[in-house]
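Visitor: Dropping the structure in here first, questions after.
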Amino acid sequence: MARETSPASSRSGRVYEALRAGILGGDYEPRQTLSPGELATEFGVSLAVVREALLRLVGEGLADRLHNRGFAVPAADADRWQEIAEARAVIEPQALRLAISRGDLAWESRVRSAHHSLSRTRPHDAQTGHLSDEWARAHHDFHRTLLEGCANSALLDTFERLWDASELTRRWSGRAAPTRDFAGEHAALEQACLDRNADRAAELLAAHLGDTAAALSALDQG
């Protein structure tokens, strides 16, 4: 028998979804305080409901819990962001090399399909101007598909953890570099993989990840 969702849990879920969308969409700036009292008033819910939502965001790395000072959006200059970027730049190009050496024709077809979906998905929501969830999913699927040919579940699990941990910084870096040619970068990655040019593909992926980290640094300096 399915367990019923309590009204409080349902309210907390709605607050969580709204705050998550706002943080990822840029409605809240890095280091901005997330006051439980103010948010409770804004959403018309109790402090307990807001705290439950905020703690979920803390668990996902989308909010920080401050000692005796409530909650806040993470800082753009936090060391962990650059550490995550460094880890990705070390791991993912090597996993891509394995994918190119091991991937079969079915993998090539999936790469083509994933890139086609990404290239045909509108990056920004027409109403809010925020990066669309549909594009974010297509972006993840493309990068995941590139690496799937490596046939190493440990590497793919690591990719997923690092991808989830860096979602906020991807959104921030996109705001910091609005004219960046993401479509061109992804197209070049696809072509290098289909050409089975491991050196070129690894170089392009490392640069792609490095540009994201550099844009994040520029955001903090700005």
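Visitor: Which members of the range 25-60 meet the condition of being open to solvent by 10 Å² or more (accessible area, probe 1.4 Å), out of contact with any Gly (no Cβ under 7 Å at 6 or more places or on another chain) and closer than 21 Å to Asp77 by Cα?
Guide: Gly25, Gly26, Asp27, Glu29, Pro30, Arg31, Gln32, Val58, Gly59, Glu60
Visitor: For the range 71-94, give me each residue that is touching a Pro at 6+ places or on another chain (Cβ under 6 Å) and surrounded by fewer than 21 Cβ atoms within 10 Å (Cβ to Cβ).
Guide: Ala75
Visitor: In the range 130-148, how many residues are open to solvent by less than 20 Å² (accessible area, probe 1.4 Å), within 15 Å of Gln94 (Cα to Cα) and either more than 12 Å from the chain's Cα centre (by Cα) or touching a residue at least 60 places away in the same chain (Cβ under 8 Å) (or both)?
Guide: Residues in the range 130-148 being open to solvent by less than 20 Å² (accessible area, probe 1.4 Å), within 15 Å of Gln94 (Cα to Cα) and either more than 12 Å from the chain's Cα centre (by Cα) or touching a residue at least 60 places away in the same chain (Cβ under 8 Å) (or both): 3 in total.
Visitor: Could you list, in sequence order, all residues of the range 95-120 that are surrounded by 16 or more Cβ atoms within 10 Å (Cβ to Cβ) and over 14 Å from Glu190 (Cα atoms)?
Guide: Ala95, Leu98
Visitor: With respect to Leu155, is the statement that it is within 23 Å of Asp104 (Cβ to Cβ) and surrounded by 17 or more Cβ atoms within 10 Å (Cβ to Cβ) true?
Guide: Yes, satisfied.
Visitor: Mind listing whichever residues of the range 188-204 are surrounded by fewer than 21 Cβ atoms within 10 Å (Cβ to Cβ), part of a helix (DSSP H, G or I) and either touching a His at 6+ places or on another chain (Cβ under 6 Å) or in contact (Cβ under 8 Å) with a residue 40 or more places away in the chain (or both)?
Guide: Within the range 188-204, Leu194, Ala198, Ala202, Glu203 qualify.
Visitor: Which of (1) surrounded by fewer than 14 Cβ atoms within 10 Å (Cβ to Cβ); (2) at pLDDT 95 or above is the odd one out, the single condition Pro178 does not satisfy?
Guide: (2)
Visitor: Which residues, counting only those in the range 46-64, are of a type outside the set (A, V, I, L, M, F, W, C), in contact (Cβ under 8 Å) with a residue 24 or more places away in the chain, within 23 Å of Glu160 (Cα to Cα) and outside any helix (DSSP H, G or I)?
Guide: Residues satisfying the conditions are Glu60, Gly61.
The values are calculated or read from the model by the stated rules, or taken from the named source; none is laboratory data. From a predicted model like this one, the values you see are computed outputs, not experimental measurements. Because the Cβ atoms are built from the backbone with ideal geometry, glycine has one as well, and the counts that use them run over all protein chains shown. For accessibility, only protein heavy atoms count, side chains too; no ligands or nucleic acids. Shrake-Rupley method; radii C 1.70, N 1.55, O 1.52, S 1.80 Å.
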